[in-house]
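Novice: Got a structure for you, questions after.
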Amino acid sequence: MTTSYTALVDAIAADISAGNLKAGERLPPQRHFAYAKGIAASTAARVYAELLRRGLVVGEVGRGTFVAGKSPLPPLRVEPFDDRIDLEFNFPTVPDQSALIARSLASWQSPEAFSAALAPVTDRRLAEAGRVSAAFFASDRWRPQAENFVFAGSGRQSIAAAVSALVPVGGRLAVEPLTYPMIKGIAARLGITLVPVVMDDEGMRPDALAKAHRSAALSAVYLQPVLHNPLGFTMSQARRDELLRVVRKLDLTIIEDRIYSFLADEPPLAAEAEERTIMVDSLSKRLAPGISVGILHVPPQARERMAVTVRTGTWSVTSLALAAGVRLLADGTANEIARRKRADARIRQALVAECLAGYSIKTDPRSYHVWLELPEGWRADALTMAAARAGIAITPGSRFAVAPGHSPNAVRLGLGLPVHAELRKALTRIAALLAARPEEADVTE
């Protein structure tokens, strides 16, 4: 089956054959090519690697990638990427999770049960989903109310709905300088401005938030206080207390992204400031990508406005996903899968510690991702390209940087998709690349 990257390769090959790209002509740097085509840096690296393999281009270290002459060099001995290991797309996966889900949904084999799952999403079904969610998320420190839950089609849509409800067109949303990449696209589509606020090893600094608000009024704050993506930190109680004090003083609302919270035990900020917090969660990483349900818990006074925003923004949850999600939350399957993923994350983190010993890594032993700061001589885009040629997809730090030109020299490794043996193989290859100089890894732009 033709994939997106092979289609791009074929298009460039056709341009070379037709004379639209002439011998000696320089191709754009891979990061520019990725931006122009709207693809990941790792996909761009695969395109250029395949062009090299076919002998259509030649790479010159330090100069770039050029269209080959009419008598191209023999193809490089680069294996195709059939065994590509994905450390970019980060959906935690454990053995038997599909079997557990199938067992939970076994009753759907009857036409009556399946018909009910396919029925329209009525107010009655949403109310039942709220009751199940309130019971599922309840703890000694937080007792959410069923009527304050709103459901969307995914975690990303939940964030978009929360931002849309709180921040007007032209408004300002405070964010951490390194954060979930999709917030940039959400802000661009909604016509709002992201304001990166200085952070430290515990996240956004309260004093910097107050300073940003004095500079020009903020409309809301977007945070990841638990197992931050990509840095992995979790806020201390002292930082949470101080941040909430400042937010109350400034009369702001927090959008609290808790997508990875199922791997930890920290309660939401909503447990301490329900009136100031919109909590966002999702079932796709907690359970499986196909169980795409976004969950919002909102202050009582904002519940109806949020429900309307979800409906008018076409962010509503689908009937089948909602039915599956409610069943899995209610019968204990979600808790069992989360328990297994917690144990699995620690095994994968142990592999990272073993294979990348000696390198600078920021993470949490409970997390499914690590932030790898690169040694002298390596740049993030160069390592991303070299890893792609070695059959590994990783994410350069620039994807997470809110302000252009302020990207740290680091990459994020997502640990969730490969089986353990493949993860070890990928980490070993990355360690070998880091131990070499970029020119020894045959990196070209």
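The values are calculated or read from the model by the stated rules, or taken from the named source; none is laboratory data. In this text, all values refer to a predicted model and were calculated from it rather than measured experimentally. Cβ coordinates were reconstructed from backbone atoms using ideal geometry, including for glycine residues, and neighbour counts include every protein chain displayed. Just so you know, the surface numbers come from the protein's heavy atoms only, side chains and all, with ligands and any DNA or RNA stripped out. Shrake-Rupley method; radii C 1.70, N 1.55, O 1.52, S 1.80 Å.
Novice: Here is a list: 267, 225, 289. Which entry is within 18 Å of residue 134 (Cα to Cα) and in a loop (DSSP other than H, G, I, E, B)?
Specialist: Values: 225 fails: within 18 Å of residue 134 (Cα to Cα); 289 fails: within 18 Å of residue 134 (Cα to Cα).
It is 267.
Okay, residues lined up against (1) more than 30 Å from residue 416 (Cβ to Cβ); (2) open to solvent by less than 30 Å² (accessible area, probe 1.4 Å); (3) of a type outside the set (Phe, Trp, Tyr):
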site: 92; (1), (2), (3): no, yes, yes
site: 108; (1), (2), (3): no, no, no
site: 111; (1), (2), (3): yes, no, yes
site: 123; (1), (2), (3): yes, no, yes
site: 131; (1), (2), (3): yes, no, yes
site: 141; (1), (2), (3): no, no, yes
site: 152; (1), (2), (3): no, yes, yes
site: 167; (1), (2), (3): yes, yes, yes
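Novice: Another question about this same structure. Count, please, the residues in segment 352-397 that happen to be within 30 Å of residue 53 (Cα to Cα), hydroxyl-bearing (Ser, Thr, Tyr) and without any contact (Cβ under 8 Å) to a residue 60 or more places away in the chain.
Specialist: Matching residues across segment 352-397 total 0.
Novice: Just need a number here: residues in segment 90-124 that are in contact with a helix residue (DSSP H, G or I) (Cβ under 7 Å, 6 or more places away or on another chain) and free of Cβ contacts under 8 Å to residues at least 24 places away in the same chain.
Specialist: Going through segment 90-124 one residue at a time, the tally reaches 4.
Novice: While we're looking at this one, here's another question. So which residues in segment 1-20 are open to solvent by less than 50 Å² (accessible area, probe 1.4 Å) and not in a helix (DSSP H, G or I), if there are any at all?
Specialist: Correct list: 19 only.
For (1) modelled with pLDDT under 95; (2) outside any helix (DSSP H, G or I); (3) within 24 Å of residue 266 (Cα to Cα), each residue gets a yes or a no:
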position: 351; (1), (2), (3): no, no, no
position: 361; (1), (2), (3): no, yes, yes
position: 383; (1), (2), (3): yes, no, no
position: 399; (1), (2), (3): yes, no, no
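Novice: Looking at segment 292-319, which of the residues that are open to solvent by less than 70 Å² (accessible area, probe 1.4 Å) and part of a helix (DSSP H, G or I) is nearest to residue 98 (Cα to Cα)? I'd like the intermediate steps shown before the answer.
Specialist: Filtering segment 292-319 down to residues open to solvent by less than 70 Å² (accessible area, probe 1.4 Å) leaves 292-299, 302-303, 306-310, 313, 315-317, 319.
Checking which are part of a helix (DSSP H, G or I) leaves us with 302-303, 306-310, 319.
Values: 302: 36, 303: 34, 306: 33, 307: 31, 308: 34, 309: 33, 310: 29, 319: 20 Å.
Within segment 292-319, the match that is nearest to residue 98 (Cα to Cα) is 319.
Novice: While we're here: Across segment 125-143, what is the total count of residues that are under 22 Å from residue 323 (Cβ atoms), without any contact (Cβ under 8 Å) to a residue 60 or more places away in the chain and not hydrophobic (A, V, I, L, M, F, W, C)?
Specialist: Result for segment 125-143: 2.
Novice: Would you check which residues across segment 244-277 are over 23 Å from residue 140 (Cβ atoms), surrounded by fewer than 19 Cβ atoms within 10 Å (Cβ to Cβ) and either under 21 Å from the mean Cα position of the chain (by Cα) or at pLDDT below 95 (or both) and list them?
Specialist: Across segment 244-277, there are no qualifying residues.
Novice: For segment 169-183, which positions are under 18 Å from residue 403 (Cβ atoms) and surrounded by fewer than 16 Cβ atoms within 10 Å (Cβ to Cβ)?
Specialist: Once the filter is applied, which keeps residues that are under 18 Å from residue 403 (Cβ atoms) and surrounded by fewer than 16 Cβ atoms within 10 Å (Cβ to Cβ), segment 169-183 yields only 182.
Novice: Name the pairs: first residue in segment 191-203 and over 14 Å from residue 402 (Cβ atoms), second residue β-branched (Val, Ile, Thr) and open to solvent by 60 Å² or more (accessible area, probe 1.4 Å), Cβ to Cβ under 9 Å, at least 6 apart or on different chains?
Specialist: So the pair list comes out as 191/169.
Novice: Here is a further query. Taking the residues in segment 386-424 that are open to solvent by 60 Å² or more (accessible area, probe 1.4 Å) and among the basic types (Lys, Arg) as candidates, determine which candidate is nearest to residue 373 (Cα to Cα).
Specialist: That would be 399.
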